[in-house]
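A short worksheet on the structure shown next.
The values are calculated or read from the model by the stated rules, or taken from the named source; none is laboratory data. In this text the structure is predicted, and so the values were computed from the model without any measurement. Cβ coordinates were reconstructed from backbone atoms using ideal geometry, including for glycine residues, and neighbour counts include every protein chain displayed. These accessible areas exclude ligands, DNA and RNA; they are computed on the full protein's heavy atoms, side chains included. Shrake-Rupley method; radii C 1.70, N 1.55, O 1.52, S 1.80 Å.
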Amino acid sequence: GGSRRQLPPPYCGLRVRLISKLWEHISEDIQGYAAAHFIDRQRQHVCTLQKCAWEHQGITCEKWDDAEIDDSGDLKQMRPDMHLVVERYVKPWTHQYQAAMCHVINAGIFSSHRSASGWDELCKAKVFVSHAWGDVFEDFVKTLQAAVHPDTTVWVCSFAIWQHGDIESELQSLEECPFAVALRAAQRVVVVCDKTVSAFDRSWVALEATFARKWNRPYDVVMPEDSNYELWRSVNDKLQRLELQKCESTMSRDKDRIMDYANREFGSVDIINRHIRAASQTALRRAELFSAVSSGDLNRVRRFPIEELIAWR
């Protein structure tokens, strides 16, 4: 009982090393659970065995014969993604505290002997992380580990927002919603994606790109194999054809609001498309440099301007 207290969105961050520790703690469980379950078209969990031995943490599972089959006629193998992280760990672990996951973790490691400035450093997010919940969580963590210093505090929506609250009402005002407030207070935006770049299929990722452009925040796109030049060439080809107008949203009216906002702010969503394409070109260039350095190809390295080398050191 009692009223729930929530820190302002910029102070709902977690250090990268704590997210890494979370992965270490759940990795065996989440991978085993995902391997033993499917999901139907309603994202209901479906046990592969009639007598499932897994503890379901309060999640109601469908019987195989009662599951909603998708258009392909098959159930989908469950992935150990952010959806499952939230359902299996974040929600059960935070419900009794009426607090976001970031507060539960930070409170657990914070000592009363630390100064107020230490609390600010621990909780205030310097990097806003934009991503898709459907990507594998292990890849998400490994990408963060490679792209951001372990002691840097980052803002990740699934950990920053109390998942039992009325999230829809918090998103009514685009510029005042937690995403916007946190991003505006952050120093940079990092988009974590995999080689499918499915993150850019989501309308809220499009909105975050719009905010980054509007508020002049550095905008980087990173992947698990971020130094793989050939992979980045393939991904860059996809992103150079990106059209955010085709993105999706769980609530169709959210997409309409976001596209209207981008058009109103910049005159055309194509401005944001070009902004993301430029970030992709930068990532490709960075991967080319990493590839040259790792292979010891000094001739290729020398082709890079010294200012570029200093910026990426």
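Assigning unit charges at the beta carbon (Lys, Arg +1; Asp, Glu -1) and nothing else, what dipole magnitude in debye, to the nearest 20, does the stretch 116-261 show about its Cα centre?
So the dipole magnitude of the stretch 116-261 works out to roughly 440 debye.
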Per-residue accessible area for residue 127 at 1.4 Å probe radius, Å² rounded to 10? 10
Find the accessible area per residue for the chain; the probe is 1.4 Å, ligands and nucleic acids are left out, and the unit is Å². 51
Provide the solvent-accessible area of residue 49, counting protein heavy atoms only and rolling a 1.4 Å probe, rounded to the nearest 10 Å². 110
Aspartates and glutamates with Cα under 18 Å of residue 126, excluding same-chain neighbours fewer than 8 positions away: 151, 208, 220
Roughly how many whole Å is it from the C-alpha centroid of the stretch 198-215 to that of the stretch 233-269? 7
Per-residue ellipticity at 222 nm for the chain, helices alone: DSSP H runs ≥ 4 residues times -39500 (n - 2.57), over residue total, nearest 500 deg cm²/dmol? -13500 deg cm²/dmol
Expressed as a whole percentage, what fraction of the accessible surface of the stretch 193-242 belongs to carbon and sulfur atoms when a 1.4 Å probe is rolled over the protein heavy atoms? 41
Solvent accessible area, Å² - residue 83, 1.4 Å probe, full protein context: 50
A 28 angstrom limit on the alpha carbon distance is what I want to check against. Which of 76/142; 51/142; 76/246; 142/238 exceed it? 51/142
Which of rounded, prolate, oblate describes the chain, given a ≥ b ≥ c as roots of the alpha-carbon gyration tensor eigenvalues and a/c under 1.5 marking rounded, otherwise prolate only if a/b is larger than b/c? rounded
